[in-house]
1. Of everything in region 302-361, what is of a type in the set (Phe, Trp, Tyr), assigned to a helix (DSSP H, G or I) and either in contact with a Lys or Arg (Cβ under 6 Å, 6 or more places away or on another chain) or surrounded by 11 or more Cβ atoms within 10 Å (Cβ to Cβ) (or both)? Give them in sequence order.
2. Test Ala217 against the stated conditions and say whether it is at negative phi and within 12 Å of ligand 1 (Cβ to nearest atom).
3. Would you tally the residues in region 9-24 being near ligand 1 (Cβ under 6 Å from one of its atoms) and part of a loop (DSSP other than H, G, I, E, B)?
4. Among the residues that make up region 85-93, is at least one of them of a type outside the set (S, T, N, Q), modelled with pLDDT of 95 or more and within 12 Å of ligand 1 (Cβ to nearest atom)?
5. What are the residues in region 195-240 that are among the hydrophobic types (A, V, I, L, M, F, W, C) and either crowded, with 16+ Cβ neighbours inside 10 Å or touching a residue at least 60 places away in the same chain (Cβ under 8 Å) (or both), if any?
6. If we keep just the residues of region 106-143 that are without any contact (Cβ under 8 Å) to a residue 24 or more places away in the chain and among the β-branched types (Val, Ile, Thr), which is nearest to ligand 1 (Cβ to nearest atom)?
7. Within region 25-53, work out how many residues are within 16 Å of ligand 2 (Cβ to nearest atom), assigned to a helix (DSSP H, G or I) and in contact with a Lys or Arg (Cβ under 7 Å, 6 or more places away or on another chain).
8. Identify the residue in region 200-215 that is in a loop (DSSP other than H, G, I, E, B) and among the polar types (S, T, N, Q) and, among all such residues, is farthest from Glu242 (Cα to Cα).
Amino acid sequence: MSKIILTGDRPTGRLHVGHYVGSLKRRVELQNSGKYEKIFIMIADAQALTDNADNPERVRQNIMEVALDYLSCGLDPEKSTILIQSQIPELTELSFYYMNLVTVSRLQRNPTVKSEIQMRNFEASIPVGFFTYPISQAADITAFKATTVPVGEDQLPMLEQTKEIVRKFNAVYGETLVEPEILLPDNKACLRLPGIDGKAKMSKSLGNCIYLSEEPADIKKKVMSMFTDPDHIRIEDPGKLEGNTVFTYLDAFSRPEHFEEFMPEYKNLDELKEHYTRGGLGDVKVKKFLNNVIQSELEPIRNRRKEYQKDISYVYEVLKAGTDKAREVAANTLSDVKNSMKINYFDSREWLEEQIEKFSK
Ligand code: ATP
Ligand code: MG
């Protein structure tokens, strides 16, 4: 079976370094590995509207921002199809049929949806669209017959939900849909990068992000203000690594060559950690190192973005061509689905002849 990737992002803001380590960087590696027959990258604007119904302008404006982030990180439209979700009505139609295969209590048990409801203060009045977005995500994944979904850990429950829908659909209507596998980051620190405030997840909605397109001075300000070990008061005090955001970021971003370049007195991160826990290493020094690491990672991305920003019409064409191509694929899957469900009354004479036969008796 050929290997196909589907993944994406909600256009609720520019992309941040959590996206980068959790999914984006991996996508580019997978794209360039040549091991995947097709790669679909979706800008999930319809999903973003499920919790931004009263702020459609936010979604509309951020589509281009996300597309620019994609291209500047190295997603190549020759190899990856970039699409806008809302422009593919087949996805909505698929969701509608999948809704019949999922119970309300199953959706209520989804831990990501639960925590997102809390985060958005939706407890008293959850929009139905938001509540059912895991089903629409199943439609997105299956529409492209994706085998592989490279995402952060917060997406695990969505993948579980999708697999259940696929199994149920295939069991009821016959083998039609492909069961996808999640592809999580290898590096533990990248599974769910915390915010600069130390909160569980860097998230556009929480405003605790370092954005990929952020200017150097702003990155520095954010890194220097980052959460560390609150008990590490004097330099000579032993420091704790657990829950120390600066070290989590170093786990996610630093490589041995960064030590060579910016901190040659240590060979690698293990040595730096050892000194910190022993005592005698100040937070400011570690933060300055982290700042250098992040700056060197983001500089080429920011520069490429500035180039693409000069040619927005090109980006528009990429989005349009990608969406057109993706729509054809989704339409084929929808046709398979309707065939399996036998709701394809006008595609052939089968249903008509069946009815004639029935009423002629
Ligand atoms: P929102 O707050 O609007 O939900 P978000 O910051 O959570 O935005 P999404 O667009 O929901 O971003 O997520 C896009 C992709 O990035 C998903 O694959 C998700 O798993 C991954 N991702 C998002 N935040 C992080 C993070 N902090 N660490 C690792 N991966 C992340
Ligand atoms: Mg999210």
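The values are calculated or read from the model by the stated rules, or taken from the named source; none is laboratory data. Values in this document were obtained by computation on a predicted structure and should not be read as measured data. When we count neighbours, we look across all protein chains shown, and the Cβ atoms used for this are built from the backbone with ideal geometry, even at glycine.
1. Listed by number, the residues that qualify are Tyr308, Tyr314, Tyr316, Trp351.
2. Criteria not met by Ala217.
3. Selection size over region 9-24: 2.
4. no
5. Ile196, Met202, Leu206, Cys209, Ile210, Leu212, Ile219, Val223, Met224, Met226, Phe227 - these are the residues of region 195-240 that are among the hydrophobic types (A, V, I, L, M, F, W, C) and either crowded, with 16+ Cβ neighbours inside 10 Å or touching a residue at least 60 places away in the same chain (Cβ under 8 Å) (or both).
6. Restricting to residues being without any contact (Cβ under 8 Å) to a residue 24 or more places away in the chain and among the β-branched types (Val, Ile, Thr), the top hit is Ile117.
7. Adding up the residues that qualify gives 2.
8. Within region 200-215, the match that is farthest from Glu242 (Cα to Cα) is Ser213.
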